[in-house]
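Notes follow once the structure below has been shown.
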Amino acid sequence: MQPPERIGRHRLERPLGSGAFALVWLAHDPELQAPVAVKVLAENWAHRLDVRERFLAEARLLRRAGSSRVVQVYDIGELPDGRPYFVMEYAGGGSLAELSAGGALPVPEALALTAEAARGAAELHEAGIVHRDIKPANVLLHTARDGSRRVLLADLGLAKSLAQASVLTLAAGSAGYRPPEQAEPGTGIDERADVYSLGAVGYELLTGTVPGPPGKVVPPRRLRPELGEDVERALLRALEPDRARRWPGALAFARELDRLAARPPAPPARRLDRLRARLGPVTLALAAVLAAGAAAVTVTVAAHRDGGGPERVRITDAGGRVTLTVPAGWGRELRGSGWDPRVLGLAAGREPGLVVADDLSRWPDLTAPVDGAFVGVSPRGGVTAGVEALSHPGCRYRGARGFTDARWHGLVRSWSGCPDGGSVTESALAPAGGAGRPQVYVQIRQRGDGDATDGVLRSLRVA
């Protein structure tokens, strides 16, 4: 069906995004003389009265919140075909998911943004509402003319009044940000469920990766050693599986984050010390840090079999730049939206990259067995020096060797007997035939006695 040009008095300009139940448009309001966002129930759900009521309930809860820290609703209406819509404040600064797509943020900025999101949650709680789905994609940024940013909570599609939430029977929320009490049906929740989600948001902004399952969260200083103990303590308290041990409310969490953000920065370390501090103890989890995507969401791989047989699958990143073939058992989950080479001590940027594994939720856990591979492209080179600086405490170093085939040549370093019981290889590759760029960093984690490294490297293609 041809999309409408107008909804009510609002002239539609372009889609902003879509979810399971609705589409959001950027539109222009001629009366306000300002951009607005218009959310419309999807056609395929128009006949479902329960979905329609949930859609309208979101608009009512947003209006009820009445907070400058929550996206405001201006109007509500119905299309000629009967589908409801509502008109909202437009946040033109994007979301925290987009802001952090290139990797971890500076510590004071990450703490301050998480604190602002926590204050928004606290105002929802004061209005008797629990959000139930706080994640970076649902935390928006409104940029004022003077350049200042205002943090707004959005998407209350799963929100409930606290009175209803105390007797909820259905699971809800997004993996990685969902507290354990929301993962199982039949458990009532309160505002501390949102505190857990806020802790997960802060964890991702500071480390560049989504935390593992409740109770199995890797301490953030393993992923970013320069974080202070008190920052780690604040995050892990928010991420406590037992809600009685979390921060008592979002406002208490926000005040602690404000205190931590206001501290003077630590004296700068020498470049080599910084590189070794960042890379040394955490390289088993490096790919998860580097490959946090724009939406930071793990998706199931729609892998297709290569011609070599049913036991291998070909994987491609979101931009179609990087392709490789891996054992079929590895190709279950993928993040393919790129990486920031600065995490390897190289010049910052957003470059092609992907990580594929049998279970990406285990990738940041240094003791959890996992099979998978990370690939990151560096158009400006420098990968070999970064790989030579890597170490894996707890693993047994097996040495370095050269790798050469028709497309690539370079360095492969390997470790075995790692805490997860498996092995890891780190490779720095350059094009064969004398060309020096682009260079490619490849990390492979494997269980068992086999070694798929050379096969994966031979399959690598970079457009």
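Structure notes:
- Elements of type helices (runs of 4 or more DSSP H) contained in the range 177-281, each with 2 or more residues being at pLDDT below 90: 180-183, 220-223, 271-279
- Sole exception among (1) at pLDDT below 90; (2) more than 15 Å from Val139 (Cα to Cα); (3) under 25 Å from the mean Cα position of the chain (by Cα) for Leu99, by number: (2)
- Strands (runs of 3 or more DSSP E) (entirely within the range 372-463) containing at least 3 residues that are of a type in the set (D, E, K, R): 396-404
- Among (1) of a type in the set (S, T, N, Q); (2) farther than 24 Å from Pro369 by Cβ; (3) touching a residue at least 40 places away in the same chain (Cβ under 8 Å), the one test that Thr404 misses: (3)
- For the range 14-30, residues that are out of contact with any Leu (no Cβ under 9 Å at 6 or more places or on another chain) and modelled with pLDDT of 85 or more total 2.
- Checked against (1) modelled with pLDDT of 90 or more; (2) part of a strand (DSSP E or B); (3) within 27 Å of Gly176 (Cα to Cα), Phe86 meets all criteria but (3).
- Residue match in the range 437-449 (condition: touching a residue at least 40 places away in the same chain (Cβ under 8 Å), acidic (Asp, Glu) and not assigned by TED's automatic domain parsing to the domain that holds Leu223): no
- Members of the range 31-62 found to be at pLDDT 90 or above and over 20 Å from Ala91 (Cβ atoms), listed by number: Leu41
- Selection of the range 89-98 for residues being touching a residue at least 60 places away in the same chain (Cβ under 8 Å) and not in a loop (DSSP other than H, G, I, E, B) yields Glu89, Leu96, Ala97, Glu98.
The values are calculated or read from the model by the stated rules, or taken from the named source; none is laboratory data. Here the structure is a predicted model, which is why all the values come from computation and not from measurement. FYI the Cβ positions are ideal-geometry reconstructions off the backbone, even for glycines, and counts take in every protein chain you see.
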